[in-house]
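A short worksheet on the structure shown next.
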Amino acid sequence: MIKALTKDLKRNCIVRPVLPSELIVAKGINETVLPENYPTFFYYDVYRNWGDVFLVAVCDGRIVGYIMNRIETKINKNSLFLWKTYKVGHVISIAVLPEYRNKGIGSTLLTRAIELMKKNYGVKKVYLEVRVSNEGAIRLYNKFGFQIEDVIPHYYRDGEDAYLMEKELEEEGD
């Protein structure tokens, strides 16, 4: 079972990959909790390409949160002629229903997603964008070792800036 969950939820909650029939539930949580929403086809596209790292938290048989991730390929330009590609994980969206917050569910989703992105895709880094006003999320990401790398002006539809936060992952054996 998941060790980050609070004691009362440990035996009643699991984190697992989303099923296609549950994508609309994840979309509903997003629309309930977050001001930025995605079209339905986007959820299906992410699922089709990276369904193994699109996770849901299920407590007492109810989906109460999700984390949607994708894997991207970046180029490391070591020199003029030596370019090397590497994989990075992108946390697109994470949300937990209000009545289930502060119980370790968001932490558990993030922990498991990072583990799977590293194991399944060999990612070297994970990054995300977060509203500069979202202090709770920023604290969570800092706790996980994410650092603010940049400010993206007017990132959100309402004009609010975003922090670009990144976490370098340790190599095996480090």
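The values are calculated or read from the model by the stated rules, or taken from the named source; none is laboratory data. Because the structure is a prediction, the values reported are computed rather than measured. Because the Cβ atoms are built from the backbone with ideal geometry, glycine has one as well, and the counts that use them run over all protein chains shown.
Just wondering, is there one or more residues in the range 115-126 that are at pLDDT below 95, in contact with a Leu (Cβ under 7 Å, 6 or more places away or on another chain), farther than 24 Å from K27 by Cα and not polar (S, T, N, Q)?
The answer is yes; a qualifying residue exists.
Could you list all residues from the range 49-86 that are out of contact with any strand residue (DSSP E or B) (no Cβ under 9 Å at 6 or more places or on another chain) and within 15 Å of I24 (Cβ to Cβ)?
R62
On the basis of being surrounded by fewer than 17 Cβ atoms within 10 Å (Cβ to Cβ), under 20 Å from E168 (Cβ atoms), more than 13 Å from the chain's Cα centre (by Cα) and small (G, A, S), does G61 make the cut?
Numbers: surrounded by fewer than 17 Cβ atoms within 10 Å (Cβ to Cβ): yes; under 20 Å from E168 (Cβ atoms): no; more than 13 Å from the chain's Cα centre (by Cα): yes; small (G, A, S): yes.
No, not satisfied.
V33 - would you say it is touching a helix residue (DSSP H, G or I) at 6+ places or on another chain (Cβ under 8 Å) and crowded, with 18+ Cβ neighbours inside 10 Å? Steps first, answer last, please.
Values: touching a helix residue (DSSP H, G or I) at 6+ places or on another chain (Cβ under 8 Å): yes; crowded, with 18+ Cβ neighbours inside 10 Å: no.
Here the answer is no, as V33 does not meet what is asked.
Do you know which of the residues in the range 128-144 that are within 25 Å of V64 (Cβ to Cβ) and touching a strand residue (DSSP E or B) at 6+ places or on another chain (Cβ under 7 Å) is modelled with the lowest pLDDT? Working first, answer last.
Of the range 128-144, the ones within 25 Å of V64 (Cβ to Cβ) are 128-131, 133-144.
From what is left, the residues that are touching a strand residue (DSSP E or B) at 6+ places or on another chain (Cβ under 7 Å) are 128-131, 137-138, 141, 144.
Numbers: L128: 98, E129: 98, V130: 97, R131: 97, A137: 93, I138: 96, Y141: 97, F144: 96.
The residue in question is A137.
Restrict the check to the range 65-86 and report whether at least one residue is surrounded by 19 or more Cβ atoms within 10 Å (Cβ to Cβ) and in a helix (DSSP H, G or I).
no
So, in the range 87-104, of the ones that are in contact with a strand residue (DSSP E or B) (Cβ under 7 Å, 6 or more places away or on another chain) and outside any strand (DSSP E or B), which residue ends up farthest from E31 (Cα to Cα)?
We begin by selecting, within the range 87-104, every residue in contact with a strand residue (DSSP E or B) (Cβ under 7 Å, 6 or more places away or on another chain); these are 87-97, 100.
Checking the rest, the ones that are also outside any strand (DSSP E or B) come to 97, 100.
Numbers: L97: 11, Y100: 16 Å.
Step by step, filter the range 87-104, then rank; the result is Y100.
Would you mention how many residues in the range 137-162 are part of a helix (DSSP H, G or I) and either surrounded by 12 or more Cβ atoms within 10 Å (Cβ to Cβ) or in contact (Cβ under 8 Å) with a residue 60 or more places away in the chain (or both)? Walk me through how you get there before you give the answer.
Step one: list which residues in the range 137-162 are part of a helix (DSSP H, G or I), which gives 137-143.
The next check asks that each one be either surrounded by 12 or more Cβ atoms within 10 Å (Cβ to Cβ) or in contact (Cβ under 8 Å) with a residue 60 or more places away in the chain (or both); those that pass are 137-138, 140-142.
Matching residues across the range 137-162 total 5.
Out of (1) at positive phi; (2) touching a residue at least 40 places away in the same chain (Cβ under 8 Å), the odd one out for M117 is which?
In the conditions (1) at positive phi; (2) touching a residue at least 40 places away in the same chain (Cβ under 8 Å), M117 misses (1) alone.
If I filter the range 117-124 for residues that are of a type in the set (G, A, S), more than 12 Å from the chain's Cα centre (by Cα), over 16 Å from Y66 (Cβ atoms) and not in a helix (DSSP H, G or I), do I get at least one hit? Spell out how you get there, then give the answer.
Pass one, the range 117-124, residues of a type in the set (G, A, S): 122.
Remaining after also requiring more than 12 Å from the chain's Cα centre (by Cα): 122.
Retained after the next criterion (residues that are over 16 Å from Y66 (Cβ atoms)): 122.
When the remaining residues are screened for being not in a helix (DSSP H, G or I), the result is 122.
Scanning the range 117-124, I find at least one residue that is of a type in the set (G, A, S), more than 12 Å from the chain's Cα centre (by Cα), over 16 Å from Y66 (Cβ atoms) and not in a helix (DSSP H, G or I), so the answer is yes.
List the residue pairs whose Cβ atoms are under 9 Å apart, where the first residue sits in the range 11-37 and is in a helix (DSSP H, G or I), the second is among the polar types (S, T, N, Q) and at pLDDT below 95, and the two are 6 or more positions apart or on different chains.
Within 9 Å, the pairs are K27/N37; N30/N37; E31/N37.
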